[in-house]
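Let me begin by presenting the structure, written as structure tokens, before commenting on it.
The values are calculated or read from the model by the stated rules, or taken from the named source; none is laboratory data. Quick caveat, the model's predicted, so the values are computed rather than measured. In this analysis, Cβ positions are derived from the backbone assuming ideal geometry, glycine residues included, and neighbour counts consider all displayed protein chains.
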Amino acid sequence: MQRVNLIPGQLSFSRMVQGYWRLTDWNMQAQDVVRFVEQGLELGITTTDHADVYGAFSEEGMFGQALKLAPGLRDKIEIVSKCGILFPCERLPDVNVVHYNNETDYIVSAAERSLRELHTDYLDVLLIHRPDPLMDADAVAEAFSRLQQAGKVKHFGVSNFSAAKFALLQSRLDFPLVTNQLEISAVHSDYLFDGNLDYLQQHRVVPMAWSCLGGGGVFHDFQYKALRDCAASIGEQHNASLDQVLMAFVLALPCQALPIIGSGNIERVRQQAAAVDIQLTRQQWFSLLEAARGYTVP
Amino acid sequence: MQRVNLIPGQLSFSRMVQGYWRLTDWNMQAQDVVRFVEQGLELGITTTDHADVYGAFSEEGMFGQALKLAPGLRDKIEIVSKCGILFPCERLPDVNVVHYNNETDYIVSAAERSLRELHTDYLDVLLIHRPDPLMDADAVAEAFSRLQQAGKVKHFGVSNFSAAKFALLQSRLDFPLVTNQLEISAVHSDYLFDGNLDYLQQHRVVPMAWSCLGGGGVFHDFQYKALRDCAASIGEQHNASLDQVLMAFVLALPCQALPIIGSGNIERVRQQAAAVDIQLTRQQWFSLLEAARGYTVP
Amino acid sequence: MQRVNLIPGQLSFSRMVQGYWRLTDWNMQAQDVVRFVEQGLELGITTTDHADVYGAFSEEGMFGQALKLAPGLRDKIEIVSKCGILFPCERLPDVNVVHYNNETDYIVSAAERSLRELHTDYLDVLLIHRPDPLMDADAVAEAFSRLQQAGKVKHFGVSNFSAAKFALLQSRLDFPLVTNQLEISAVHSDYLFDGNLDYLQQHRVVPMAWSCLGGGGVFHDFQYKALRDCAASIGEQHNASLDQVLMAFVLALPCQALPIIGSGNIERVRQQAAAVDIQLTRQQWFSLLEAARGYTVP
């Protein structure tokens with residue numbers, strides 16, 4: 001599988017990324033997770049996406065049990081995790097409102113908690129999970145600097161940030177933010193037109209793409225019938241499934257977006273990963289866009 | 001009271017600013033205004049906000065009567081005024097439509113009129129009041145240059161400008177715009193999310209914040225009941241009034257926004273100014289945001 | 001007629017531009033087109049606007065017949081053309097969906113087709129017609145470089161681009177994009193407020209303005225009655241027609257927008273071109289804006 005340089009010579013990701021957002025729903029034991037990671041590696045998927053907040057702050061711990069069982073896996077994969085969201089749940093008894101925290105000490109302690117949960121010494125990349133109106137960019141830069149100097153986090157990025165917020169944080173750092181993880185799909189195409197992907201392409205920042213299949217509604221909601229029909233027709237020409245056509249839509253973007261696969265079913269992962277070999281024509285791509293939006297481009 | 005540097009070593013403002021938008025409604029004589037300014041100074045409020053257009057072009061004149069009566073006040077305060085809006089009123093008999101004028105000669109003459117009205121030799125800061133689609137940035141820069149070289153205005157800024165308009169004007173100046181005066185409050189929180197405050201934080205430009213209490217509707221309109229209830233609950237924990245909680249919401253922003261107090265009642269001014277000592281927790285701040293917007297952050 | 005520098009010493013346009021979007025509807029023979037161009041030149045209109053896609057890919061060919069008949073015209077005019085849109089039509093039998101193509105080879109071949117159709121050796125300016133979510137800026141830069149080195153296109157620009165997309169493409173070029181052709185009129189005034197014209201003014205990029213008369217609806221649609229009445233009143237003061245007042249509205253912008261005249265009737269062209277001599281007052285300009293939008297500026 002193709003690899004994409006996020007920082008040439010320092011950091012590359014597999015073109016498709018395995019997401020663990022729903023790991024805690026997959027009914028896996030640690031040994032199952034080990035096997036799942038290994039099967040991903042056989043497909044060339046080395047990059048794994050996590051967040052402290054996934055599974056109500058228990059996803060990292062589950063993945064960590066796998067790394068504890070098979071420590072040799074650690075150096076074969078890249079671990080991306082995130083911090084900054086807090087919400088009421090069992091692990092956070094003092095929290096009573098969904099909120100963000102991006103203070104220096106909080107970020108450092110959250111990353112250290114991620115390391116403990118994940119049974120690892122370092123994160124390849126730590127992302128600020130959400131744009132926070134209370135974010136003091138200098139405070140975030142100070143946290144990043146401490147974590148980097150301690151060897152605990154190698155690289156940093158953001159998630160769901162606008163171009164303006166990205167520029168703000170970047171202005172305080174003497175190293176580049178390596179990614180911005182965004183929701184990108186045929187049914188969530190705003191970023192393609194509002195300047196955010198233009199900004200990333202301009203600065204050669206490779207985004208990670210979440211929810212490329214549109215959150216599942218694409219598969220059955222009536223409003224997406226035209227998109228399903230269009231994708232089915234295109235799929236016939238490529239001998240490809242709906243999943244694959246939707247993944248290929250994101251893979252066609254010039255910003256080289258890296259789709260995150262959300263499934264824990266290795267057959268479905270294999271199928272979606274195979275989308276890297278599908279080259280949609282421009283007419284096919286614009287047909288999908290038109291079917292998803294309900295109108296042609298001007 | 002805390003002071004905030006707008007240009008280190010050259011210009012600082014008190015954290016809370018006294019606004020004189022409604023001075024002409026306060027039923028004050030010149031001697032009353034002198035006393036009101038002095039009482040503000042006792043609270044540490046040195047920065048005063050004006051505009052030629054306030055009071056239908058009569059506010060500056062009323063304030064100027066106070067400075068004429070007590071000229072010693074001038075050097076104890078900072079005077080911020082604005083120009084560029086014209087609308088039909090007694091003082092502008094030739095005007096029949098609300099419009100803007102930011103031509104070189106107009107700005108210079110408007111600033112000179114402000115000096116005469118205010119009975120002073122200089123403005124600390126002159127702001128362009130509104131983003132004007134006919135603004136020729138070179139013409140504004142020429143006006144600023146003339147006023148600065150004549151010693152009539154020390155510093156310059158803008159009001160209600162987008163980041164794009166700010167960048168345009170800044171690109172023509174060889175000194176920094178010192179502020180952008182914006183409407184910022186729990187009920188007018190767009191700037192927290194649309195990139196405008198991010199832009200100011202990035203460039204370390206300190207905004208002034210107008211209408212921090214949401215224009216008064218917060219105190220009685222039914223649509224703000226959830227916000228009132230939330231603020232009341234938080235107020236109990238800080239022994240603080242609704243005014244103070246709403247001011248503390250703005251004071252918590254990382255851009256160091258300087259709230260403008262609109263009241264002419266010195267007791268209410270004292271109360272609002274005391275908000276500088278209230279440190280909302282992040283949970284309290286996000287509770288207010290959620291109550292004002294009606295939905296949680298994602 | 002005034003000329004405007006797009007690149008000082010290298011490229012200037014006449015303040016009013018003749019558009020040929022609807023040439024194929026004008027019932028003209030080649031000799032008629034020659035005469036029309038000559039009449040435009042007598043008015044000082046040297047700049048002509050085209051696109052491969054106009055007239056379903058037949059407009060350039062019609063204009064080219066005129067240049068073939070009167071080759072001496074070529075050096076007296078500037079030719080602006082565009083590429084990148086494809087849609088189902090007789091000339092494109094393989095196209096079944098409206099889409100864009102801005103791949104390197106496509107742009108080069110499209111420009112070469114324009115040269116053949118237009119019976120000329122060079123374009124003064126080639127524009128990318130629409131912002132394309134699949135635009136790889138490096139690929140476009142490569143096409144521009146090839147066309148420029150071959151002497152086939154002298155300068156490059158864009159059309160309907162946002163500031164973000166403009167900045168992206170500019171970042172890949174070592175020469176300046178010379179224009180951004182945008183829809184600008186009293187009834188389509190978004191660009192005046194959303195930062196896009198601010199961005200162009202900041203970077204001293206002169207936009208071309210299409211549909212300055214609002215697409216014709218202004219002349220009869222009920223929703224524009226207030227605008228018509230306002231323009232009529234202003235027209236009386238300047239002894240000017242509705243066309244002229246609407247053109248003068250665009251001409252007043254500080255970005256020095258160059259209006260494109262869409263008419264093929266030389267009398268109407270002469271009338272619209274005469275708008276360059278109308279100087280709207282600021283009050284007149286804001287009256288038109290208010291009448292078009294239905295509310296005053298704040």
Restricting the stretch B:222-244 to residues that are over 14 Å from B:GLU290 (Cα atoms) and of a type in the set (A, V, I, L, M, F, W, C), which is modelled with the lowest pLDDT?
-> B:PHE222
Scan the stretch A:100-124 for residues that are within 14 Å of chain B (Cβ to nearest Cβ), outside any loop (DSSP other than H, G, I, E, B) and under 21 Å from the mean Cα position of the chain (by Cα) and jot them down.
-> A:TYR100, A:ILE107, A:ALA110
For residues that are within 11 Å of chain B (Cβ to nearest Cβ), closer than 21 Å to C:VAL4 by Cα and not in a helix (DSSP H, G or I), scanning just the stretch C:193-208, find the one that is nearest to the chain's Cα centre (by Cα).
-> C:ARG204
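Among the residues of the stretch A:93-125, write down those that are β-branched (Val, Ile, Thr), touching a strand residue (DSSP E or B) at 6+ places or on another chain (Cβ under 7 Å) and crowded, with 20+ Cβ neighbours inside 10 Å.
Here is the first cut: in the stretch A:93-125, the residues β-branched (Val, Ile, Thr) are A:95, A:97-98, A:104, A:107-108, A:120, A:125.
Checking the rest, the ones that are also touching a strand residue (DSSP E or B) at 6+ places or on another chain (Cβ under 7 Å) come to A:95, A:107, A:120, A:125.
Within the stretch A:93-125, A:ILE107, A:THR120, A:VAL125 qualify.
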Pairing a residue in the stretch B:277-293 that is touching a residue at least 60 places away in the same chain (Cβ under 8 Å) and more than 10 Å from every other protein chain (Cβ to nearest Cβ) with any residue that is in a helix (DSSP H, G or I) and of a type outside the set (Gly, Ala, Ser), where Cβ atoms lie under 9 Å and the two sit 6 or more apart in sequence or on different chains, gives B:ALA292/B:VAL218; B:ALA292/B:TYR224; B:ALA292/B:LEU227; B:ALA292/B:CYS230; B:ALA292/B:PHE249
Strands (runs of 3 or more DSSP E) within the stretch B:1-78 that include 3 or more residues not acidic (Asp, Glu) = B:3-7, B:11-14, B:17-19
Scan the stretch C:255-271 and give yes if some residue there is in a helix (DSSP H, G or I), surrounded by fewer than 22 Cβ atoms within 10 Å (Cβ to Cβ) and within 14 Å of chain B (Cβ to nearest Cβ), otherwise no.
-> no
Looking only at the stretch C:138-157, which residues are within 12 Å of chain A (Cβ to nearest Cβ) and within 19 Å of C:LEU86 (Cα to Cα)?
-> C:ALA139, C:VAL140
Residues of the stretch B:126-148 satisfying the condition of being surrounded by 18 or more Cβ atoms within 10 Å (Cβ to Cβ), in a helix (DSSP H, G or I) and not small (Gly, Ala, Ser) | B:VAL140, B:PHE144, B:LEU147
Considering the stretch B:248-276, residues that are without any contact (Cβ under 8 Å) to a residue 40 or more places away in the chain and more than 21 Å from B:SER233 (Cβ to Cβ), and then whichever is nearest to the chain's Cα centre (by Cα), we arrive at B:SER263
Under 8 Å between Cβ atoms, at least 6 apart or on separate chains: pull out the pairs that start in the stretch C:112-130 with a residue that is assigned by TED's automatic domain parsing to the domain that holds C:GLY151 and end on any residue that is among the aromatic types (Phe, Trp, Tyr) and assigned to a loop (DSSP other than H, G, I, E, B).
-> C:LEU115/C:TYR122; C:ILE128/C:PHE161
Single condition A:VAL250 does not satisfy, out of (1) more than 12 Å from chain C (Cβ to nearest Cβ); (2) assigned to a helix (DSSP H, G or I) | (1)
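What's the total number of residues in the stretch C:180-223 that are of a type in the set (Ser, Thr, Tyr) and either farther than 23 Å from C:THR47 by Cα or in the same structural domain as C:HIS129 (by TED's automatic domain parsing) (or both)?
Adding up the residues that qualify gives 3.
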Selected residue [surrounded by 17 or more Cβ atoms within 10 Å (Cβ to Cβ) and either over 29 Å from A:ILE234 (Cα atoms) or within 15 Å of the chain's Cα centre (by Cα) (or both)] from C:ILE85, C:ILE79 = C:ILE79
Please work out which one of (1) within 11 Å of chain C (Cβ to nearest Cβ); (2) touching an Asp or Glu at 6+ places or on another chain (Cβ under 7 Å); (3) under 20 Å from A:TRP210 (Cβ atoms) is the condition A:THR296 fails and give its number.
-> (3)
With the condition kept exactly as written, say whether any residue in the stretch A:209-222 is over 18 Å from A:ARG15 (Cβ atoms), buried (at least 20 other Cβ atoms within 10 Å of the Cβ) and within 11 Å of chain C (Cβ to nearest Cβ).
-> no
Looking only at the stretch B:166-198, which residues are within 20 Å of A:SER171 (Cβ to Cβ) and not hydrophobic (A, V, I, L, M, F, W, C)?
-> B:GLN170, B:SER171, B:PRO176, B:THR179, B:ASN180, B:TYR191, B:ASP194, B:GLY195, B:ASN196, B:ASP198
Odd one out for A:GLU183, checked against (1) more than 30 Å from B:GLN201 (Cβ to Cβ); (2) surrounded by fewer than 21 Cβ atoms within 10 Å (Cβ to Cβ); (3) within 15 Å of the chain's Cα centre (by Cα) | (1)
Return the total of residues in the stretch C:165-192 being closer than 21 Å to C:ILE260 by Cα, assigned to a loop (DSSP other than H, G, I, E, B) and facing another protein chain (nearest Cβ under 9 Å).
-> 1
C:PRO71 vs. criteria within 14 Å of chain A (Cβ to nearest Cβ) and either under 25 Å from C:ALA209 (Cα atoms) or modelled with pLDDT of 95 or more (or both) | no
Taking only the stretch B:89-99 into account, find how many residues are assigned to a loop (DSSP other than H, G, I, E, B) and facing chain C (nearest Cβ under 8 Å).
-> 4
Filter the stretch A:1-52 down to residues that are touching a helix residue (DSSP H, G or I) at 6+ places or on another chain (Cβ under 7 Å), of a type in the set (D, E, K, R) and over 29 Å from A:ASN102 (Cβ atoms), then give me how many there are.
-> 1
